[in-house]
Amino acid sequence: IPSAPGRVVPTRNTDTSVVVSWEASRDAKELVGYYIESSITGSNTWEPCNNKPVKGTRYKETYSVIN
């Protein structure tokens, strides 16, 4: 099992999206990719964001705003 990625940085992209970037796992030679999860602030529930592994170290998530 590879180590966890380092320095995860979420950045607001638009009113309805966020870009998450991170440093690759140090021992990720045969890593297929990363699965991203998100949670609403204050919630203990995490939801998957992607169905296929992200091969790079950057991911954009777009979400719905409910008013």
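Things worth noting here:
- Number of residues in region 10-43 that are of a type in the set (Ser, Thr, Tyr), surrounded by 13 or more Cβ atoms within 10 Å (Cβ to Cβ) and more than 14 Å from Tyr63 (Cα to Cα): the value is 4.
- Selection from region 32-58 of residues that are assigned to a loop (DSSP other than H, G, I, E, B), under 13 Å from Val20 (Cα atoms) and touching a Pro at 6+ places or on another chain (Cβ under 9 Å): Tyr35, Ile36, Thr57
- Residue that is surrounded by the fewest Cβ atoms within 10 Å (Cβ to Cβ) [pool: residues in region 58-67 that are within 21 Å of Val9 (Cβ to Cβ) and over 9 Å from the mean Cα position of the chain (by Cα)]: Thr62
Each reported figure results from applying straightforward, stated rules to the coordinates on display, with no laboratory input. Note that the coordinates shown come from a computational prediction; the quantities given were computed from them, not determined experimentally. We place every Cβ from the backbone using ideal geometry, glycine too, and count neighbours over all the protein chains shown.
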